[in-house]
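**Q** If you scroll down you'll find the structure; I have some questions about it.
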Amino acid sequence: EFPEDVRHFLLKYGSGGMGSFTFMGIEAGKEDERTFTLVLLTLKYREQGLPEKLAVIEYEGDFVTCINCEDGSVVTWSWFGKKEVCKISDSFEAYFMEKLEDYLV
């Protein structure tokens, strides 16, 4: 289950971003089908060792940015090396606002 701020974003916007960042989510497909890129990428990286509590929200090449569904924090994870989880924000909302501020500066 996703934290409240992530559920709000998905229900209101589906997915999106600006410039160099795009948050995975729910996109409209052809003939009103929905593509759940957040789910598809999460399942893909779980096959490579992504911890069960994480859900992918951004793909950054060698690593992914994820929501920790247990505490709502935003973390990074890479399938290379030690596969460490590194916390980068306390919440999706705080992370989203930081990304917007960086984009606008």
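**Q** Taking one equal scatterer on every alpha-carbon of the chain, how large is log10 of I(q)/I(0) by Debye at q = 0.12, 0.16 1/Å?
**A** -0.38, -0.68
**Q** Do the alpha carbons of any pairs in 44/87; 53/82; 53/87 sit beyond 19 Å of each other, and which pairs?
**A** 44/87
**Q** If I model a spin label as a point 7 Å beyond the Cα along the Cα-Cβ vector, how far apart are those points for residue 40 and residue 70 in nm?
**A** 2.9 nm
**Q** Note down the net charge around residue 19, summing +1 for each Lys or Arg and -1 for each Asp or Glu among other residues with Cβ under 11 Å from its Cβ.
**A** After counting each charged neighbour, the total is 0.
**Q** Another one. Using helices alone, what [θ] at 222 nm do you get for the chain, with -39,500 (n - 2.57) per DSSP H run of 4 or more residues, divided over all residues and rounded to the nearest 500?
**A** Mean residue ellipticity, 222 nm, calculated: -9000 deg cm²/dmol.
**Q** Assuming R0 = 22 Å, what is the FRET efficiency of residue 21 and residue 47, from their Cβ-Cβ distance, to the nearest 0.05?
**A** So the FRET efficiency works out to roughly 0.35.
**Q** Please list 43, 54, 104 in order of solvent-accessible area, largest first, computed with a 1.4 Å probe with all protein chains present.
**A** The ranking, largest first, comes out as 104, 43, 54.
**Q** Next question. Within 14 Å, Cβ to Cβ, of residue 91, how many net charges do the neighbouring residues add up to if Lys/Arg are +1 and Asp/Glu are -1?
**A** -4
**Q** Between residue 1 and residue 80, 0.36 nm times their residue separation minus their Cα-Cα distance comes to what?
**A** 25.8 nm
**Q** Using the Cα centre of the range 1-87 as the reference point, and only Cβ charges (+1 on K/R, -1 on D/E), how large is the resulting charge dipole? Debye, rounded to the nearest 20.
**A** The calculated dipole for the range 1-87 is roughly 160 debye.
**Q** Sequence neighbours fewer than 8 away in the same chain don't count; with that in mind, list the aspartates and glutamates whose C-alpha is under 15 Å from residue 12.
**A** Candidates past the 8-residue exclusion: 4, 27, 93.
**Q** If you don't mind, another one. Please give me the summed charge of the neighbours of residue 73: other residues whose Cβ is under 12 Å from its Cβ, Lys and Arg +1, Asp and Glu -1.
**A** -3
The values are calculated or read from the model by the stated rules, or taken from the named source; none is laboratory data. Only a predicted model underlies this, so the values are computations on that prediction, with no experimental measurement involved. Because the Cβ atoms are built from the backbone with ideal geometry, glycine has one as well, and the counts that use them run over all protein chains shown. Note: areas computed on protein heavy atoms with side chains; ligands, DNA, RNA excluded. Shrake-Rupley method; radii C 1.70, N 1.55, O 1.52, S 1.80 Å.
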